[in-house]
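The values are calculated or read from the model by the stated rules, or taken from the named source; none is laboratory data. The structure presented is a predicted model; accordingly, all values stated were derived computationally and were not measured. No Cβ is skipped: glycine too gets one built from the backbone with ideal geometry, and neighbour counts run over all protein chains shown.
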Amino acid sequence: MTISTAGAGAPARPVEGAHARLTSGTVLSTSPVDSPAAARGALTMEALHLSRDFRLTRGTTLSAVHDVSFGLYSSAVVALVGESGSGKSTVAKMLAGQELATSGTIELAGRPIEVLRRRQFRRYKNQVQYVFQDPFASLNPVHTVRYHLARPVRLHRPVGSRRQLEEELVRVMQQVRLTPAEPFLDKYPHELSGGQRQRVAVARALAARPSVLLADEPVSMLDVSIRLEMLNVLDELRRNFQLAMLYITHDIASARYFADEVLVLYAGEVVERGPAEELTQQPAHPYTQLLVSSAPDPDDLGSILRRGGRAAIHQAGEGAAGVSGCRFHPRCSLADDRCRRDVPPLMRIGRDRAAACWRVDVAAPAALRAISGPTAPADPAGAPGQGPQEQQPDQSSRGGLR
């Protein structure tokens with residue numbers, strides 16, 4: 001997030017379809033990248049230029065999310081990765097209709113959504129469900145598991161008889177591997193373990209039979225021994241019900257295991273995106289490299305940096321409050337004057353990869369070498385940072401995936 005005294009958040013990034021010039025003079029395209037998640041199924045939900053500003057005091061605005069665009073596809077998982085305060089949960093709450101976007105639009109099945117009215121909101125929640133991080137707080141302690149599961153069934157798709165309702169409750173419990181279901185249905189939340197509570201929370205979301213599942217750090221409060229099992233449950237549900245899933249986490253190692261596409265957020269902006277495996281094995285943005293090198297993964301993802309990665313990063317920083325230019329530059333030892341002055345756009349470093357870094361060719365030279373063919377027309381006459389092909393921001397442009 002960043003704090004502005006100008007009242008309307010942070011400056012916009014350059015228009016898609018243009019080109020941007022790195023500090024070294026290399027020209028890269030800023031056109032939208034293809035989503036690797038699109039190979040799984042059809043586009044279900046799309047976020048277009050989402051921004052969320054919070055007014056703190058008179059004349060002071062907190063830009064929690066700025067110009068975030070991505071798509072959720074049937075049977076696919078898209079992960080939002082970043083540290084606490086990066087804006088991940090704010091994005092999910094906007095998609096869930098719990099926060100109104102300051103600007104930008106959300107489309108479900110190709111149609112813009114409005115959830116201001118109660119009836120519209122109920123129809124929307126029938127398609128979009130949220131799994132909260134804390135299984136202890138997300139369930140009402142005075143009600144049984146049966147009550148938690150029966151309520152969404154009655155609200156979103158009423159069944160005819162009590163027997164049909166009971167069969168439906170048993171079915172959703174079996175889907176999350178809580179079997180036999182009958183003993184669990186009459187228990188209260190405090191009688192369940194943390195993993196069992198979270199399974200009940202997932203079952204409650206599935207009871208509405210949604211097409212989109214927003215999972216906000218669903219395993220972060222569970223014991224390490226059962227996290228993988230919970231991710232396997234979610235993966236099975238994703239495949240069986242063709243769910244379009246948003247997976248929010250600060251653990252980039254689990255995103256590598258679970259997701260098709262990863263978007264890395266820092267201070268409310270997407271700084272890198274790409275296929276989960278490729279992004280974690282060959283991170284391009286200095287912040288992504290910091291996350292990868294810090295991941296306690298058995299495969300030792302951080303070894304890629306020790307073998308010659310160029311991202312010399314200061315581990316500590318004070319966030320992005322009042323920062324101009326690249327929001328990460330106070331924590332990046334590669335930062336130069338241009339990084340402190342200009343906001344970098346997301347620049348293509350492959351068919352389905354992009355990074356917002358003026359010095360990505362220095363931070364990750366291998367990522368640029370992997371690009372087959374030129375990514376943008378050469379322009380030797382232009383000065384670095386002032387090439388004639390660079391365009392001015394245009395808020396009317398569409399930032400969705402192709």
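Taking the stretch 22-67 on its own, how many of its residues are in contact with a Phe, Trp or Tyr (Cβ under 9 Å, 6 or more places away or on another chain), under 25 Å from ARG359 (Cβ atoms) and buried (at least 23 other Cβ atoms within 10 Å of the Cβ)?
1
Taking the stretch 66-101, which residues are within 10 Å of the chain's Cα centre (by Cα), of a type outside the set (Ser, Thr, Tyr) and either part of a helix (DSSP H, G or I) or modelled with pLDDT under 95 (or both)?
GLY82, GLY87, LYS88, VAL91, ALA92
ASN140 fails exactly one of the following numbered conditions: (1) assigned to a loop (DSSP other than H, G, I, E, B); (2) within 16 Å of the chain's Cα centre (by Cα); (3) of a type in the set (S, T, N, Q). What is the number of that condition?
Status for ASN140: all satisfied but (2).
Which one of these does SER333 not meet: (1) in contact with a His (Cβ under 7 Å, 6 or more places away or on another chain); (2) at pLDDT 90 or above?
All conditions are met except number (2).
Within the stretch 223-249, work out how many residues are within 25 Å of ARG273 (Cα to Cα), surrounded by fewer than 17 Cβ atoms within 10 Å (Cβ to Cβ) and touching a Ser or Thr at 6+ places or on another chain (Cβ under 9 Å).
Looking only at that region, the number is 3.
Does the stretch 312-326 contain at least one residue that is buried (at least 20 other Cβ atoms within 10 Å of the Cβ), out of contact with any Ser or Thr (no Cβ under 7 Å at 6 or more places or on another chain) and at pLDDT 80 or above?
Looking through the stretch 312-326, at least one residue is buried (at least 20 other Cβ atoms within 10 Å of the Cβ), out of contact with any Ser or Thr (no Cβ under 7 Å at 6 or more places or on another chain) and at pLDDT 80 or above.
Applying the selection to the stretch 181-198, what residues are over 22 Å from the mean Cα position of the chain (by Cα) and assigned to a helix (DSSP H, G or I)?
Hits for the stretch 181-198 are ALA181, GLU182, PRO183, PHE184, LEU185, PRO189, HIS190, GLU191, GLY194, GLY195, GLN196, ARG197.
Under 25 Å from ALA96 (Cα atoms), at pLDDT 85 or above, crowded, with 17+ Cβ neighbours inside 10 Å and touching a Phe, Trp or Tyr at 6+ places or on another chain (Cβ under 9 Å), is that true of PRO218?
In short, yes.
Give the residues of the stretch 335-356 that are assigned to a helix (DSSP H, G or I) and crowded, with 20+ Cβ neighbours inside 10 Å, sorted by residue number.
Scanning the stretch 335-356 gives a single hit, CYS339.
Taking into account only those residues within the stretch 128-176 that are polar (S, T, N, Q) and either within 30 Å of THR90 (Cβ to Cβ) or touching a residue at least 60 places away in the same chain (Cβ under 8 Å) (or both), which is surrounded by the fewest Cβ atoms within 10 Å (Cβ to Cβ)?
Per the stated criteria, the residue is ASN140.
Restricted to the stretch 55-65, and to residues that are out of contact with any helix residue (DSSP H, G or I) (no Cβ under 9 Å at 6 or more places or on another chain) and outside any loop (DSSP other than H, G, I, E, B), which residue is farthest from PHE258 (Cα to Cα)?
THR57
Which one of these is within 29 Å of HIS66 (Cβ to Cβ), touching a residue at least 12 places away in the same chain (Cβ under 8 Å) and within 10 Å of the chain's Cα centre (by Cα): LEU265, LEU243?
Testing whether each residue is within 29 Å of HIS66 (Cβ to Cβ), touching a residue at least 12 places away in the same chain (Cβ under 8 Å) and within 10 Å of the chain's Cα centre (by Cα) leaves just LEU265.
Determine if the stretch 157-174 includes at least one residue that is under 20 Å from LEU50 (Cβ atoms) and in contact with a Phe, Trp or Tyr (Cβ under 9 Å, 6 or more places away or on another chain).
Our first condition is that a residue be under 20 Å from LEU50 (Cβ atoms); within the stretch 157-174, this holds for none.
No, the stretch 157-174 contains no residue that is under 20 Å from LEU50 (Cβ atoms) and in contact with a Phe, Trp or Tyr (Cβ under 9 Å, 6 or more places away or on another chain).
In the stretch 107-137, how many residues are under 17 Å from the mean Cα position of the chain (by Cα) and of a type in the set (S, T, N, Q)?
Qualifying residue count for the region: 2.
Hey, GLY104 hits all of (1) within 26 Å of the chain's Cα centre (by Cα); (2) in a helix (DSSP H, G or I) but one; which does it fall short on?
(2)
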